[in-house]
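Notes for the one structure printed next.
The values are calculated or read from the model by the stated rules, or taken from the named source; none is laboratory data. These numbers were taken from a predicted model, which means no experiment stands behind them. All Cβ positions, glycine included, derive from the backbone under ideal geometry; neighbour counts span all protein chains shown. Ligands, DNA and RNA are stripped out before the accessible areas are found, and what is left, the full protein with its side chains, is counted by its heavy atoms. Shrake-Rupley method; radii C 1.70, N 1.55, O 1.52, S 1.80 Å.
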Amino acid sequence: MSPGEVSLLMFGVFAVLIVVRIPVSFALGLACLPVLLIDNRLNPVVLISEMWKSYNSFILLSVPFFVLSANLMNAARITERLVTLARASVGHLPGGLGQINVVVSMLFAGVSGSSTAEAAGIGSLMIPAMKKQGYDTSFTVAITACAATMGVIIPPSILMVVWGGLMSVSIGAMFLAGVVPGVMIGLFLMGTVYVYAKVRRYPVAQRASAKEFFSALRGAILALITPAIIVGGIVGGFFTPTEASVIAVLYAAALGGVVYRTLGRKEFGAVLHESARLSAVSLFCIGTASAFGWLLAYYRVPQAFVGALSGWATGPISAGLLIALAFLIIGCFIDAIPAIIIMGTILLPLAQNAGMHPIHFALIGVISLAFGLVTPPYGLCLLIAASIGQIKVVATLKDVGIILTAMLLVLLLVIVFPELVLFLPRLIAPQFVD
Amino acid sequence: MTKFLAGYHRLLTTVLTVLMGLLIIPVTLQILSRYTGLIPRYIWTEEAARFCFVWIIMIGSMIAVRDRSHFDVDLLPHPKTPRQKGLAGLVVHLTMLVLAVVFIRYGYDFAKFGAIQSSEMSGINMLSIYIAFPLAGVTWALFLGENIAADVRLLRQPATESSA
């Protein structure tokens, strides 16, 4: 079969199955079957052995640990401490609670690598509080979901770990590269909240005193050094990303269990179970996505794709735009990690062909996929925030669209100016970049 | 049968939680042995963690079939009447059953292949990990059977009750 026929068959079957609501992980596996049965050289055992190969990876092990550490932070009420700090720093700006929401998301993003844990943890604290103060529910939900996407852009980041493991890019360098675009998105979001607050006359709170600020800072400082431990430990070569993720778990457990005493044995068990379940479901999808990606590569679909586009996506900017568009579209329909596995491998030759830096390519991919966390029909952060706010997803779409436009501007800047992401890793860890 | 499946589901949930807790140990040992010298450098830690991890994923996939918590995508409008719900559920669960059958049939070949292999570091028989795949197929099929029975019950409901 030709690459065109294979991709048509596989993506066609996958699309049909998705429409009739077959779970994505099962649909990816089932979409491999026709090709595996038709081709004499292959058989369905390939599906299972490719899944096994993808799970048998030390790097992926960090995914459940990053989810676990984020959930421990929530259960140990460390998130509340971050909210107190955010309130003391930006609560007096127009749209106070909205600003707090964005800032606490940035802080939490630095502590955890999971956007969904962020949407759940911050959403359950901030959404009821904002509704009570008279913020529109749709704006409240939209800003919470959009701010949560910073979780996978500001280091540490589960998506960067998966990307680095799959495409052999330095994870430490990617973490450093995520800082600038992550903070830019935060500032753009704060600007958006400011405009909303002025137009809709949202309440303003009193400025916190210096004393209140320092007491809030003292309360949160132990949590705030987490990113230094994780990112510093990886960049400095002290431990691997997987080891760093376990240290994040142990640190969060120690903070909750020993220092703050907010985490009992019973809560710990419940968090352990919930994190295992949540990560297992998304990791299972990695297996079928890997088999899907392996088949595409076996029939040289990525090379054919580059050949077909060679006419017009040759420069780094046009290639960057195309890559972002592809990830934004697939991010609407499937989870970010399988999207990396399938589209990342298809688009890699295109990026190489255009002479893009591997870290620049990675950051465009991760940021685009982070936006996929709020785009329907499959936007997990938006689904979580909407269910906390008790509002239909459709009702939030206008506000999500407005806020997302501000965020897309950052993506565009990153595509056009690679130095935005490259300068920090070049400054701190040049050995990983060049 | 429902009682048996509920018990099996509880068992899987407990195993999953315990495995997740256990997973922390080998990686912690790895760090401790490198930096403290208090304990020797075990070479099996990484492998043990990886194998534990594979079981966590596969057990998680089994539990999620019964909980219906595998992610799907909302493109079509949601079915309203019990009949529509039963029909939509039947399409989903019968299609998923195809993959379960594939996992049982070809997972068996895969496990047989594992039975003649030992792992690189600790030398344990690979059947003990490969077996997770056919077992997943069997478990999915059991839980899907339960879902399909529920779909059929919905389909059989007289149309008059559906107005509620």
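May I ask for the distance between the Cα centers of region A:132-196 and region B:15-58, given as a whole number of Å?
31
Tell me whether region A:3-432 comes out rounded, prolate or oblate; compute the Cα gyration tensor, take square roots of the eigenvalues as a ≥ b ≥ c, and use a/c under 1.5 as the rounded threshold.
Because a/c hits 1.5 or more and a/b exceeds b/c, region A:3-432 counts as prolate.
Once you average over the residues of B:18-25, how many Cβ atoms of partner chains fall within 10 Å of each Cβ?
Numbers: counts 4, 3, 13, 6, 0, 8, 8, 1.
Partner-chain Cβ atoms within 10 Å, mean over residues of B:18-25: 5.
Points 7 angstrom from Cα along the Cβ direction at B:L11 and A:D39: gap in nanometres?
Roughly 3.9 nm, to one decimal.
Computed on protein heavy atoms with a 1.4 Å probe, what is the summed buried accessible area for the chain pair B and A, in Å² to the nearest 100?
On the way: alone 10990 and 17870 Å², together 23770 Å².
That pair hides around 5100 Å² of surface in total.
Calculate the spin-label point distance for A:V19 paired with B:S128, positioning each point 7 Å from the Cα along the beta-carbon direction, and give it in nanometres.
The modelled label-to-label distance comes out at 4.8 nm.
Mind listing the long-range amide H neighbours of A:H92? Cut-off is under 5 Å, sequence gap 5 or more, other chains count too, H placed in the peptide plane at 1.01 Å from N.
Those lying under 5 Å, H to H, from A:H92 are A:A208.
Per the helix-only calculation at 222 nm, which mean residue ellipticity applies to chain A, given -39500 (n - 2.57) for every DSSP H run of n ≥ 4 and division by its residues, nearest 500 deg cm²/dmol? Show your work: numbers first, answer last.
Working: 23 runs with 331 residues, N = 434.
That comes out to -24500 deg cm²/dmol.
So if I place +1 on the C-beta of Lys and Arg and -1 on the C-beta of Asp and Glu, and nothing else carries charge, what would the dipole magnitude of region B:2-155 be about its Cα centre? I want it in debye, nearest 20.
Details: 13 positive and 9 negative charges, 81 e Å.
Here the size comes out at about 400 debye.
Count charges around B:L155 for me, please; just the other residues with Cβ under 11 Å from its Cβ, Lys/Arg as +1, Asp/Glu as -1. Intermediate results must be reported in sequence, preceding the final value.
Values: positive: B:R83, B:K85, B:R153, B:R156; negative: B:D151.
Overall, the nearby charge balance is +3.
Any idea of A:E212's accessible area? Nearest 10 Å², probe 1.4 Å.
The value for A:E212 is about 100 Å².
Could you tell me the calculated FRET efficiency between A:S318 and A:I225, based on Cβ-Cβ distance and R0 = 30 angstrom, to the nearest 0.05? Before the final figure, lay out the partial values.
Numbers: r = 42 Å, r/R0 = 1.40.
After rounding, the FRET efficiency stands at 0.10.
What is the sum of charges, Lys and Arg at +1 and Asp and Glu at -1, for the other residues whose Cβ falls under 15 Å from the Cβ of A:I225? Present the calculation step by step, with values, prior to reporting the outcome.
Numbers: positive: A:R81, A:R218; negative: none.
With Lys, Arg at +1 and Asp, Glu at -1, the net is +2.
Roughly what would the spin-label model give for A:N353 and A:R300, points 7 Å off Cα along C-beta, in nm?
The modelled label-to-label distance comes out at 1.3 nm.
Compute the distance from the alpha-carbon center of region A:1-76 to that of region A:205-271, in whole Å.
Measuring centre to centre over Cα atoms gives 34 Å.
Taking every residue in B:98-110, how many Cβ atoms of other protein chains lie within 10 Å of its Cβ, on average?
Values: counts 5, 13, 1, 0, 10, 5, 0, 2, 8, 4, 1, 5, 8.
The shielding value for this peptide is 5.
Order the following by accessible area, largest value first: B:W44, B:W55, A:W163. Probe radius 1.4 Å; ligands, DNA and RNA are ignored. Display every interim value, and only then the final one.
Numbers: B:W44 100, B:W55 55, A:W163 0 Å².
The ranking, largest first, comes out as B:W44, B:W55, A:W163.
Do you know which residues of region A:354-397 lose at least 10 square angstrom of accessible area in the protein assembly compared with their chain on its own, with a 1.4 angstrom probe?
Listed by number, the residues meeting the 10 Å² cut-off are A:P377, A:Y378, A:L380.
Give me the accessible area per residue for region A:243-306, probe 1.4 Å, as a whole number in Å². Spell out each step's value before the answer.
Working: 2400 Å² over 64 residues.
Per-residue value: 37 Å².
Report the net charge of residues surrounding B:I57, where surrounding means a beta-carbon distance below 15 angstrom and charges are Lys +1, Arg +1, Asp -1, Glu -1. Working shown, then result.
Numbers: positive: A:K53, A:R277, B:R50; negative: A:E50, A:D335.
Counting the neighbours of B:I57, the net charge comes to +1.
Could you give the spread of the C-alpha atoms of region A:215-299 along their three principal axes, from largest to smallest, in whole angstroms?
Principal axes ranked by extent give 60, 35, 21 Å for the Cα atoms.
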